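Working notes for the structure below.
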Amino acid sequence: ISNITRPKGYNVSFHYQPEMEKHHFGQTHPMKPWRLTLTKSLVMSYGMNFAMDNYTPRAATYEELRDFHTQDYLDFLATVAPEPVPRDLDNHNPDLKFNLGGSDCPLFEGLFDYCSMSGGVSLDAARKICNKESDIAIAWGGGLHHAKKSEASGFCYINDIVLAILQLLRHHPRVLYIDIDVHHGDGVEEAFFSTDRVMTCSFHKYDPLNFFPGTGGLDDNGPKNEHNPGAHHAINVPLNDGITDEQYAWLFQSVIGKIVEKFRPTAICLQCGADSLAGDRIGRFNLQVQGHGACVEYVKGLGLPMIIFGGGGYTPRNVARAWAYETAVAIGCQGRIDPVIPQHTVWREHFRQESLLPSLEQIVGEPRQNRNTQKRLQDVIQHVHEQLRFVNQ
Ligand code: TV1
Ligand code: CA
Ligand code: ZN
């Protein structure tokens, strides 16, 4: 604890709402808000909280959610009963409204509170960036990139990222959104399809038929009509199973480096979905804590104000490892934290088998076969660089 000190010359803030932890999507649902508990407790056991400004944000108000979402959707979300919705024999629910109540986006006790708290942490982070009280603001409870303005999708109901970016746009001329979740950041991309003030860039597993949400191909760069200023401002990096740290870092740096050079953002939003780690219950990549964290390190090195969001991540131990490591990267103490996880109670209670020599950086799970050829990755980079020829700020 004693060797973690406040970073000099810049401020890191940690936006955390403990009430989010208590919500449950259902016994077998992969999304476990409890992974936030695990992350927070790791961060605290290393003493990182002493190096940051810590905030417990209020929930977002209905009016704040209205900045992006429609009234009819919010009204339904706020009043819908938490009881399981009846299904027909094929497990279809004929009464599905706004895509709510299916298996991906179930109705559960306190759903609206959970959604408005997730919106609240990300909005709080955005406010601290806008008023320059923070240089890096961390919102692990946010990052729910699939939500549409009047539709839930892929475990996401309220798009806290869109709300935060809208807030940033009040003070920042250009915002870059980067998404390293294994899924395509479709909701954020779509929300800013028609503006040249936001560029979105998602790295993801792409298989239109077999992997959610099926969008985000290399050629999907925003509607390309002459009158759309947002054309060429959506960058997609579609990938195959098993990508490694080395390949990912190389791709990430050459794509983001070029984007920053051409687009010249004044603030960056980084969604750090941890389902791109090896051993994830849903993900397909082979990233280690180091490789995932290297993206955060690279973006921090650009020296722009930034918000770090959570997102996916379905092997809770690994999610907590990555997000605790990335909190350390934000503070700048990653070289000084003990790789042996402190024996704090939550970790010991739940992972007894790993508690003899629990390592922060060694994640659990078997590696996958790498299906990404160097040739294909080179083609992807070339295509992205060609897209960016159209962009000149
Ligand atoms: C209940 C119980 C729901 C077990 C959902 C995996 C489950 C999944 C479950 C699941 C699961 C998805 C689809 C299929 C579209 C559906 C937070 C045609 C073991 C940001 C969202 C993925 C990812 C949705 C969210 C996806 C995020 N995968 N078990 N559901 N239908 N939905 O494929 O990007 O990480 O898998
Ligand atoms: Ca992504
Ligand atoms: Zn995901």
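Grab the Cα-Cα distance for GLU361 and ARG264, subtract it from 0.36 nm times how many residues apart they are, and report the gain in nm with one decimal. Provide the component values of the computation, followed by the final result.
Numbers: separation 97, 0.36 × 97 = 34.92 nm, distance 3.31 nm.
Extra length available between GLU361 and ARG264 comes to 31.6 nm.
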Per 10 Å bin, what is the whole-percent P(r) computed from every C-alpha pair distance within segment 198-286?
-> 15, 44, 32, 8, 0
Where only protein heavy atoms count, and the probe is 1.4 Å, what is the accessible area per residue for the chain in Å²?
-> 41 Å²
R0 = 41 Å: FRET efficiency of HIS171 with ARG352, Cβ-based, nearest 0.05?
-> 0.30
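Students sometimes get this wrong: rank VAL346, VAL296 by accessible area, probe 1.4 Å, all chains present, largest first.
Reading off the accessible areas and sorting them downward yields VAL346, VAL296.
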Put +1 on the Cβ of every Lys and Arg and -1 on every Asp and Glu Cβ in segment 100-236; which of LEU100, LEU144, VAL182 then has its Cα farthest towards the positive end of the dipole?
-> LEU144
With a 1.4 Å probe and every protein chain left in place, tell me how much accessible area GLU261 has, in Å² to the nearest 10.
-> 120 Å²
Computed [θ] at 222 nm, helices only, for the chain once each DSSP H run of length n ≥ 4 contributes -39500 (n - 2.57) = -10000 deg cm²/dmol
How large, in percent, is the carbon and sulfur part of the accessible surface of segment 52-201 at a probe radius of 1.4 Å?
-> 48 percent
Calculate the dipole size of segment 119-211 relative to its Cα centre from +1 charges on Lys and Arg beta carbons and -1 charges on Asp and Glu beta carbons; express the result in debye to the nearest 20.
-> 340 debye
List the lysines whose Cα lies under 23 Å from the Cα of LYS375, skipping any in the same chain that are fewer than 8 positions away.
-> LYS205, LYS258
Relative pair counts by distance (%), Cα atoms of segment 245-318, 5 Å bins | 3, 16, 25, 25, 17, 10, 4, 1
In the full protein assembly as shown, how much of LEU111 is accessible to a 1.4 Å probe, in Å² to the nearest 10?
-> 10 Å²
Share of accessible surface on carbon and sulfur in segment 236-362, whole %, 1.4 Å probe and ligands ignored, is 50 percent
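Between LYS224 and ASN210, what length comes free when the chain is fully extended (0.36 nm per residue of separation minus the Cα-Cα distance, one decimal in nm)? Could the numbers behind the result be given before it?
Numbers: separation 14, 0.36 × 14 = 5.04 nm, distance 2.66 nm.
Result: 2.4 nm gained on full extension.
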Options GLY216, VAL198, PRO173, ranked by Cα towards positive dipole end of segment 163-220, top entry (Cβ charges) = PRO173
Other residues with Cβ under 11 Å from the Cβ of THR315 give, with Lys and Arg +1 and Asp and Glu -1, a net charge of +3
Report the Stokes-Einstein translational diffusion coefficient (µm² s⁻¹, integer) for the chain, Rh taken as the Kirkwood radius over Cα pairs, at 25 °C with viscosity 0.890 mPa s.
-> 117 µm²/s
Could you give the size of the charge dipole of segment 215-267 about its Cα centre, using +1 on the Cβ of each K and R and -1 on the Cβ of each D and E, expressed in debye and rounded to the nearest 20?
-> 300 debye
Average Cα contact separation per residue, segment 209-345, under 8 Å, 6 or more apart, as relative contact order % | 21 percent
Quick one: ranking TRP34, TRP250 by accessible area, 1.4 Å probe, largest first, what do you get?
-> TRP250, TRP34
The aspartates and glutamates whose Cα lies under 16 Å from the Cα of LYS40, excluding any fewer than 8 residues away in the same chain, are GLU19, GLU21, ASP53, GLU326, GLU349
Would you mind telling me which residue in CYS115, CYS156, CYS105 has the biggest mean-square fluctuation in a Gaussian network model of the chain, where springs connect alpha carbons within a distance under 10 angstrom?
-> CYS105
Rounded to the nearest whole number, the per residue volume of the convex hull around the C-alpha atoms of segment 1-56 in Å³ is 80 Å³
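What's the magnitude of the charge dipole for the chain around its Cα centre, counting Lys and Arg as +1 and Asp and Glu as -1 at the beta-carbon? Answer in Debye, nearest 20.
The dipole of the chain has a size of about 1100 debye.
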Considering the dipole of the chain built from charges on the beta carbon (Lys and Arg +1, Asp and Glu -1) around the Cα centre, which of THR37, ALA274, ALA324 is farthest to its positive end?
-> ALA324
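The values are calculated or read from the model by the stated rules, or taken from the named source; none is laboratory data. Given the structure is predicted, the values throughout are model-derived calculations rather than measurements. Reconstructed Cβ throughout: ideal geometry from the backbone, glycine too, with neighbour counts over all protein chains shown. Ligands, DNA and RNA are excluded from the accessible area calculation, which covers all protein heavy atoms including side chains. Shrake-Rupley method; radii C 1.70, N 1.55, O 1.52, S 1.80 Å.
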